[in-house]
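All remarks here apply to the structure that follows.
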Amino acid sequence: MTKTGGRPRGFDRDAALERALTEFWQYGYEATSIASLTSAMGINPPSLYGAFGDKRKLFTEAVRHYGQTYGAFGGRALAEEETAHAAVRRLLHEAAQEYTDPGHPPGCMVITAATNCTPAAEDVKAELRTLREASKHAIREKILADQRAGHLAASVDAAALAMFYAAALQGMSTQACDGAGRSDLERLADIAMTAWPS
């Protein structure tokens, strides 16, 4: 048992956050209610508000946790591979594995959690859109680095190529949500890589 503000809190905050993440990932931001969150997290509403603030703040924390865990493979691929081609190939294949892992909801939370939101949740859509744009920008920067190093022709449209592979990832997420398996997405990844400029 831990304490917050001097008061005992009888639950594991990290475990509760993980369960909240799964709810948001499975059902999306707006369809996930406080009642479903507290049920999944095994806590009551006052404990949720005391530990996380409110549903909106909890969502942002869950998204951050997602990026540090399930979604971290993308940043690792871009950072660890020497060339953009190798990084994007690894990114797509690891997405095929991650998006279809039976241990959690299918697809990518950053892509799916605010697909259909009312204007009241426009800030949630904007938050996730910003994260997707940052991922696309990171791919573009890796491509530009290849061009500067002479691995890729200067005539290649880096922004369009990055957008193409970002779209491939989004499509893979949707396909996973529709029931596509890992081998299906790996074949898709291989086909997507044939579009890489020679």
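The values are calculated or read from the model by the stated rules, or taken from the named source; none is laboratory data. Note that the coordinates shown come from a computational prediction; the quantities given were computed from them, not determined experimentally. When we count neighbours, we look across all protein chains shown, and the Cβ atoms used for this are built from the backbone with ideal geometry, even at glycine. To get the accessible areas, we keep the full protein, side chains included, count just its heavy atoms, and leave off ligands, DNA and RNA. Shrake-Rupley method; radii C 1.70, N 1.55, O 1.52, S 1.80 Å.
Some notes on this structure:
- Per residue, in Å², the accessible surface of the stretch 43-198 once ligands and nucleic acids are set aside, probe 1.4 Å: 50
- Extending 7 Å from Cα along the Cβ direction at ALA134 and again at THR118 yields two label points whose distance is 2.9 nm.
- Computed helical MRE - 222 nm, the chain, DSSP H runs ≥ 4 contributing -39500 (n - 2.57), nearest 500: -21500 deg cm²/dmol
- Calculated FRET value between ASP190 and SER36, using beta carbons and R₀ = 30 Å, to 0.05: 0.20
- Across the accessible surface of the chain, with the other protein chains kept in place and a 1.4 Å probe, carbon and sulfur atoms take up 52 percent.
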